[in-house]
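Worksheet: the structure to be examined is printed underneath.
Just so you know, all these numbers are worked out from the coordinates, no wet-lab data involved. All figures in this text were calculated on a predicted structure; none of them were measured in a lab. In this analysis, Cβ positions are derived from the backbone assuming ideal geometry, glycine residues included, and neighbour counts consider all displayed protein chains.
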Amino acid sequence: MRLVNILGTVDAKKGIGSSNWGRYSSLAVDHALDAATAEFDAAKLEAILQQSVKVVSDEVGIIPLFHYENIWAAKKGLKVTPAVSDRTTAMMVRRSGSCGHHDRHHSYTGRWI
């Protein structure tokens with residue numbers, strides 16, 4: 001979970017806060033993020049994360065100066081499905097099927113780049 005790395009108190013031994021460059025620290029947020037990493041119910045998880053973000057916002061723990069947007073491009077016949085993590089991997093790329101044939105009817109003989 002990215003919020004643990006961005007908003008969690010920096011603790012190399014626990015492996016959290018690695019992207020918390022402003023060194024923001026809040027015991028309430030740390031407890032909420034701990035609970036979030038163990039929660040599997042989507043509604044409960046969303047509520048925990050919303051409360052964490054509210055605490056950070058109320059405390060002005062971080063001040064976002066900009067929000068970047070990743071852009072991916074692919075050649076014709078390929079479709080890129082971005083991961084939530086913003087990382088780019090080969091697993092994100094699939095044949096788009098836009099050629100009108102099913103993949104089982106022909107095979108790809110070129111190189112993946």
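Amide H neighbours of Leu78 under 5 Å, counting only residues 5+ apart in sequence or on other chains, H built in-plane at 1.01 Å?
Excluding prolines and chain starts, which carry no amide H, the hits are Ser96.
So between Val80 and Ile62, what do we pick up on full extension, going 0.36 nm a residue minus the alpha carbon distance?
Between Val80 and Ile62, full extension yields 3.3 nm more.
Around Gly61, under 12 Å between beta carbons, what's the net of Lys plus Arg minus Asp minus Glu among the other residues? Intermediate values should be presented prior to the final figure.
Working: positive: Arg23, Lys54; negative: Asp30, Asp58, Glu59.
So the environment of Gly61 carries a net charge of -1.
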